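Read the structure below first, then the notes.
The values are calculated or read from the model by the stated rules, or taken from the named source; none is laboratory data. This structure is a prediction, so every number in the text was calculated from the model and none was measured. Here the Cβ positions follow ideal geometry from the backbone for every residue, glycine too, while neighbour counts run over all protein chains shown.
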Amino acid sequence: MGMATPPLPGQPGFVVPAPEDRQRFARRAVRVLVLDEDDRLLLFLDSDLGLDPVAHWWDTPGGGVDPGEDDLDAVVRELAEETGQLVDRAAVRGPLLERQVVHGYSDKVVDQTEVFFAVRLPPFEVDSSGYTEEERLCIAETRWWTRAELAGTTDEIWPADVLALLDLVERPEDWAGGALRGPRVEESSVPL
């Protein structure tokens, strides 16, 4: 007789495991600062469904770099999947910053090398038809944010230094020779 599959985050009976018992993996990922013509930043309200109450935070479009992809290929693919926007590689600015981040969630821990890029697009409505199953479950909404709204919010935003990154977009001389190196940080719904 086989063992029952343990419940997944958000399902009845799910219990948050200790950090040392959570699945842990490493990956390289791209994050994209998507700006519109009014300098508003597109963010996604992400969530950890394994917590009660559910944890929420805002983050930028982006995701893991697939085998055989370079970072720019991943930017173009992630934007198409997560926003519906088809972007030419030449329109992407960066890399701006590379950092090491650990994300602790209710079901896993991700050690991630994140590389930040930027792109400016006309305003658009996000097309979520390319979302993965996990994104369909976890992304609660999308929103365009002004700089003033970002500066004044008490909502959690990943990366926490998003305003400094927006400043960096306007200073290409700082990253023209390659991505700046950011500090190692933790951004977690379940701290380690």
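For the reader, a short list of remarks on this structure follows.
- Positions within region 102-130 being more than 15 Å from the chain's Cα centre (by Cα), part of a loop (DSSP other than H, G, I, E, B) and more than 21 Å from Leu35 (Cα to Cα), in sequence order: Ser106, Asp107
- Against the list (1) among the small types (Gly, Ala, Ser); (2) assigned to a strand (DSSP E or B); (3) surrounded by 13 or more Cβ atoms within 10 Å (Cβ to Cβ), the condition Ala26 fails is (3).
- Hey, Gly84 over 21 Å from Val185 (Cβ atoms), surrounded by fewer than 19 Cβ atoms within 10 Å (Cβ to Cβ) and not aliphatic (A, V, I, L, M) or not: yes
- Residue among Gly62, Gly10 that is buried (at least 17 other Cβ atoms within 10 Å of the Cβ), closer than 22 Å to Glu82 by Cβ and modelled with pLDDT under 95: Gly10
- Members of region 103-140 that are touching an Asp or Glu at 6+ places or on another chain (Cβ under 9 Å), within 27 Å of Arg171 (Cα to Cα) and not polar (S, T, N, Q): Glu114, Val115, Phe116, Phe117, Arg120, Leu121, Pro122, Pro123, Phe124
- Figure legend. Inter-residue proximity from region 136-163: first residues closer than 23 Å to Glu125 by Cβ and part of a loop (DSSP other than H, G, I, E, B), second residues at pLDDT 95 or above and among the β-branched types (Val, Ile, Thr), beta-carbon distance below 7 Å, spacing 6+ or different chains. No pairs are indicated.
- For region 77-120, residues that are basic (Lys, Arg) and over 20 Å from Cys138 (Cα atoms) total 4.
- The residue of region 29-52 that is surrounded by the most Cβ atoms within 10 Å (Cβ to Cβ), among those that are assigned to a loop (DSSP other than H, G, I, E, B) and of a type in the set (A, V, I, L, M), is Leu49.
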